[in-house]
Amino acid sequence: MGKYLVLQTDFGLGDGAVSAMYGVAHMVSDDITIDDLTHEIPPYDIWAASYRLYQTVKYWPKGTVFVSVIDPGVGSTRRSIAAKTSSGHYIITPDNGSLTHILHYQGIDEIRTIDEIKSRLPHSEESHTFHGRDIYAYNGARLASGEIDFAELGPVVSAETIETLPIIEASIKQQILEGSIDVLDIRFGSLWTNIPLAFLKQADIQHDDQLQVTIFHQGKKVYQNIMKFAKSFADVNIGEPLVYVNSLVNIGVAVNQDSFSKLYHIGTGTDWTIQLRKAPKIIFE
Amino acid sequence: MGKYLVLQTDFGLGDGAVSAMYGVAHMVSDDITIDDLTHEIPPYDIWAASYRLYQTVKYWPKGTVFVSVIDPGVGSTRRSIAAKTSSGHYIITPDNGSLTHILHYQGIDEIRTIDEIKSRLPHSEESHTFHGRDIYAYNGARLASGEIDFAELGPVVSAETIETLPIIEASIKQQILEGSIDVLDIRFGSLWTNIPLAFLKQADIQHDDQLQVTIFHQGKKVYQNIMKFAKSFADVNIGEPLVYVNSLVNIGVAVNQDSFSKLYHIGTGTDWTIQLRKAPKIIFE
Amino acid sequence: MGKYLVLQTDFGLGDGAVSAMYGVAHMVSDDITIDDLTHEIPPYDIWAASYRLYQTVKYWPKGTVFVSVIDPGVGSTRRSIAAKTSSGHYIITPDNGSLTHILHYQGIDEIRTIDEIKSRLPHSEESHTFHGRDIYAYNGARLASGEIDFAELGPVVSAETIETLPIIEASIKQQILEGSIDVLDIRFGSLWTNIPLAFLKQADIQHDDQLQVTIFHQGKKVYQNIMKFAKSFADVNIGEPLVYVNSLVNIGVAVNQDSFSKLYHIGTGTDWTIQLRKAPKIIFE
């Protein structure tokens, strides 16, 4: 069976940091396959780290160990924790909110704390600023390789004690759908909302229906337009907006072959909310 | 024998898309090695996708499976196809022109269509916008691992039926060489033409000869200069232009330790053509 | 035992160059694991290449083969060399200064030259501009896989004959510490000096002491401030500067959650020097 260790950081790939994490993990075991989630999480952006885990973890084989190190509090008293998700994956990360989306949308079975004094790369005690290498890659590789099991990482802690970021729930009331714009499909600038496809079905919205899309920033309307609920980007003309189902089976808003985010200066996070409804039918008599 | 799956996309590495492709492929098989061609193809740039395959495929072991997903028409009626190249490699890609250079310069033995309904990641039916994960990585891993063989991907289609982009043939007439500027050596800004070294030999051009280089955009002259046909960049001074043989044994034009493309605003594609000839000898009497 | 080949270049990941290196190495052997140090060394920046090797090599298993190709002199008479480091790793690289930091700070046991005519990818003779693929990845894979041993790469040469870049030694005199700013922690903009933690101990500087930090460019003072010697970034407020111990157990200077380099326009290299001392105590009577 494959033994996978998958790394996520905000370190970028421009220096030797990620490579040192790979090297340390390979020193622990030459029997694991190491891959990346992404290393381009914007610096200190725990929300993005949490979302990218939610987006990706379940597409990996059960038992895969994820290490996620977006860690503005490195060296402080924030804990290092390891989670076993309900989907059968492991995530090792600072306790700073990185598990928010997985906990909320997919579930976590058990969380343990890691003793940063005992469980660290031997002879790394003098450095307090690179736990990605000294704590996370090291323990991730020990767990992925089977050198230790999950219980050996440290004592169980309650899920209620871990840090989480505030989330806005998607809602549906009288056929009006509301949610937040959680993240971008980065290269293409499409908006990914937290409104599930199921809500569109509840509101009896079908492919090819015209929808009214309204976007708010801190409650203030910043965009409104009517666009098609399209099955694919190619269903609308180049340069035309559309509503579509993204790869997490949530609702996305995009412009075919352009960046919605850049064109209309739309950002992400709980400050950015969105409302969808069937467009009022205009009847000419 | 190694079982290699190599991925190319325009998704970038900034979010979880490429990692989800890796995960799906590893779920299919833990017996394959997955690597990247590049994920930084400019969005929707099928020409670049086609060229990067041409540049890279033959340097991988025979039997390697390439998956190339630059797919502006995802979810439309464009086909998904799989090619067996004359060099003994496999490429799985949307049928939108991504095979143009391989077909033209290296040859393809057989092409098959993939049934997107039957041959897809189980339970991925609701999403129509991420075939990279649901169709291409999934089938690429099945082929690379040997779970299925090439014939099981789907029925044979004629090479005449696949989409190709227009190519300008390099030519040589009366010692004058002409061709197109197909692509950049991205980090360094050197121009890669489609003029083969063989043409220089036919025109009796030797290393250290002075050549007249003329560049046209849509037929209009935009650059002309005399420069050396150098064996290596170090044969000219820093900041000096040169003609050289690139890693595909075609003719390149560069500035030593600077970007020719940026300095002279030269782009790529069939709109950008180039002419080379021995520089007229100036004889002072 | 794992057989690791680790690649570093200034090629970027935007085209097919790095992938062709991977492919060539896999053609040599399907029994090696290939990973990256970084491919984003600034073009032609041999100093950065040398530093990133120094930063990373020792965190990989002994026997790992590194290939580092920052090679402005490709195709010239500069030699190709292979080094066995005192830490038990191998580095194959152009002889242009890439071994400067490893040689100075960690030590090299033996250096050999590679015959670029005999030891190259078969049928690659026509191209003189991509030794990364034709010489370095090829020989790196032969060494990593055990197809050849170190002695078979070529004859021994003296360490005195290889190219090195000038280094400024860190110094301590009368409790004043001086050194150079060698490199950035790229994504975060922190300054990494060559002053070791040991010097702070000698100067009896403890965590939480206030230090006076002065930065010079070509000998001219460009920055001076008083800041804490913090155990971790979280020990100071967001936006506040600090002195800290970096992951190589050298002294770093940073701003918590901001870029020191960008805020104060500080660069790297031997032109950029730094002085640290205990801040004079101001006593109000």
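The values are calculated or read from the model by the stated rules, or taken from the named source; none is laboratory data. Values in this document were obtained by computation on a predicted structure and should not be read as measured data. Cβ placement follows ideal geometry from the backbone for every residue including glycine, while neighbour counts extend to all protein chains displayed.
One residue stands out among those in the stretch B:235-274 that are under 17 Å from B:ALA198 (Cβ atoms) and of a type outside the set (Val, Ile, Thr): the one that is farthest from the other protein chains (Cβ to nearest Cβ), which is B:ASN250. Looking only at the stretch A:163-180, residues that are outside any loop (DSSP other than H, G, I, E, B) and in contact with a helix residue (DSSP H, G or I) (Cβ under 9 Å, 6 or more places away or on another chain) come to 4 in all.
Of all the residues in the stretch B:34-68, those that are touching an Asp or Glu at 6+ places or on another chain (Cβ under 8 Å) and within 21 Å of A:LEU37 (Cα to Cα) number 7.
Of all residues in the stretch B:9-43, exactly one satisfies the criterion of being polar (S, T, N, Q) and touching a Phe, Trp or Tyr at 6+ places or on another chain (Cβ under 7 Å), namely B:THR33. In the stretch B:236-268, of all residues being modelled with pLDDT of 95 or more and of a type in the set (Gly, Ala, Ser), the one that is surrounded by the most Cβ atoms within 10 Å (Cβ to Cβ) corresponds to B:ALA254. Applying the condition of being of a type in the set (S, T, N, Q) and in contact with a Phe, Trp or Tyr (Cβ under 9 Å, 6 or more places away or on another chain) to the stretch C:45-72 and asking which residue is farthest from the other protein chains (Cβ to nearest Cβ) yields C:SER68.
Taking each residue of the stretch C:69-82 that is in the same structural domain as C:GLU40 (by TED's automatic domain parsing) and basic (Lys, Arg) and looking for partners that are part of a loop (DSSP other than H, G, I, E, B) and modelled with pLDDT of 95 or more with beta-carbon atoms closer than 8 Å, six or more apart or interchain, yields C:ARG78/C:ASP95; C:ARG78/C:ASN96; C:ARG78/C:GLU163; C:ARG79/C:ASP95.
Kindly establish whether A:SER76 is surrounded by fewer than 21 Cβ atoms within 10 Å (Cβ to Cβ), more than 29 Å from C:GLY12 (Cβ to Cβ) and facing chain C (nearest Cβ under 8 Å).
Working: surrounded by fewer than 21 Cβ atoms within 10 Å (Cβ to Cβ): yes; more than 29 Å from C:GLY12 (Cβ to Cβ): yes; facing chain C (nearest Cβ under 8 Å): yes.
Answer is yes for this residue.
Per this entry, C:GLY267 is counted among residues that are part of a loop (DSSP other than H, G, I, E, B) and closer than 27 Å to C:ILE46 by Cβ. Can you say whether C:ILE181 is surrounded by fewer than 17 Cβ atoms within 10 Å (Cβ to Cβ) and in the same structural domain as C:VAL243 (by TED's automatic domain parsing), as far as the supplied structure shows? When the stated conditions are applied, C:ILE181 does not pass them.
Taken over the stretch B:13-51, the criterion of being surrounded by fewer than 20 Cβ atoms within 10 Å (Cβ to Cβ) and either among the polar types (S, T, N, Q) or not assigned by TED's automatic domain parsing to the domain that holds B:HIS89 (or both) is satisfied by B:SER29, B:THR33. In the stretch C:28-41, of all residues being in contact (Cβ under 8 Å) with a residue 24 or more places away in the chain, out of contact with any Lys or Arg (no Cβ under 7 Å at 6 or more places or on another chain) and facing another protein chain (nearest Cβ under 7 Å), the one that is farthest from B:GLY14 (Cα to Cα) corresponds to C:ASP35. Within the stretch C:42-59, does at least one residue satisfy the condition of being touching a residue at least 24 places away in the same chain (Cβ under 8 Å), over 20 Å from C:ILE102 (Cα atoms) and in contact with a Pro (Cβ under 7 Å, 6 or more places away or on another chain)? No, every residue in the stretch C:42-59 fails to be touching a residue at least 24 places away in the same chain (Cβ under 8 Å), over 20 Å from C:ILE102 (Cα atoms) and in contact with a Pro (Cβ under 7 Å, 6 or more places away or on another chain). Within the stretch C:169-191, residues that are more than 14 Å from chain A (Cβ to nearest Cβ) sit with their Cβ atoms under 8 Å from residues that are assigned to a strand (DSSP E or B) and acidic (Asp, Glu), at 6+ positions apart or across chains, in these pairs: C:ALA170/C:GLU178; C:SER171/C:GLU178; C:ILE172/C:GLU178.
Residue-wise test of (1) part of a strand (DSSP E or B); (2) in contact with a Leu (Cβ under 6 Å, 6 or more places away or on another chain); (3) not assigned by TED's automatic domain parsing to the domain that holds A:ILE181.
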| position | (1), (2), (3) |
| --- | --- |
| A:THR214 | yes, no, no |
| A:LYS231 | no, no, no |
| A:VAL243 | yes, yes, no |
| A:TRP272 | yes, no, no |
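Suppose we keep only residues that are without any contact (Cβ under 8 Å) to a residue 40 or more places away in the chain and surrounded by fewer than 18 Cβ atoms within 10 Å (Cβ to Cβ) within the stretch A:205-235. Which one would you say is farthest from the chain's Cα centre (by Cα)? Per the criteria, the residue is A:ASP208. Across the stretch C:118-141, the qualifying residues are those that are away from chain B (no Cβ under 14 Å) and surrounded by fewer than 21 Cβ atoms within 10 Å (Cβ to Cβ), and the one among them that is farthest from C:ALA20 (Cα to Cα) is C:LYS118. The lone criterion from (1) charged (D, E, K, R); (2) in contact with a strand residue (DSSP E or B) (Cβ under 6 Å, 6 or more places away or on another chain); (3) within 30 Å of B:ILE251 (Cβ to Cβ) left unmet by C:ASP182 is number (3). Is it the case that some residue within the stretch A:81-97 is touching a Leu at 6+ places or on another chain (Cβ under 8 Å) and over 24 Å from A:GLY2 (Cα atoms)? Taking every residue of the stretch A:81-97 in turn, at least one turns out to be touching a Leu at 6+ places or on another chain (Cβ under 8 Å) and over 24 Å from A:GLY2 (Cα atoms). If the condition is being in contact with a Ser or Thr (Cβ under 7 Å, 6 or more places away or on another chain) and either surrounded by 24 or more Cβ atoms within 10 Å (Cβ to Cβ) or closer than 14 Å to B:ARG52 by Cβ (or both), then the stretch B:93-109 contributes B:THR93, B:PRO94, B:GLY97, B:SER98, B:LEU99, B:THR100, B:HIS101, B:ILE102, B:GLN106. Filtering B:ASP71, B:ASP45 for residues that are farther than 22 Å from B:GLU152 by Cβ and either aromatic (Phe, Trp, Tyr) or at pLDDT below 95 (or both) leaves a single hit, B:ASP71.
Please indicate, with yes or no, whether at least one residue in the stretch B:119-140 is within 18 Å of the chain's Cα centre (by Cα), in the same structural domain as B:ALA17 (by TED's automatic domain parsing), in contact (Cβ under 8 Å) with a residue 60 or more places away in the chain and not in a loop (DSSP other than H, G, I, E, B).
Going through the stretch B:119-140, the residues within 18 Å of the chain's Cα centre (by Cα) turn out to be none.
No, the stretch B:119-140 contains no residue that is within 18 Å of the chain's Cα centre (by Cα), in the same structural domain as B:ALA17 (by TED's automatic domain parsing), in contact (Cβ under 8 Å) with a residue 60 or more places away in the chain and not in a loop (DSSP other than H, G, I, E, B).
In the stretch C:10-24, is there at least one residue being more than 9 Å from chain B (Cβ to nearest Cβ) and either in contact (Cβ under 8 Å) with a residue 40 or more places away in the chain or within 19 Å of the chain's Cα centre (by Cα) (or both)? The answer is no, given that none of the residues of the stretch C:10-24 is more than 9 Å from chain B (Cβ to nearest Cβ) and either in contact (Cβ under 8 Å) with a residue 40 or more places away in the chain or within 19 Å of the chain's Cα centre (by Cα) (or both).
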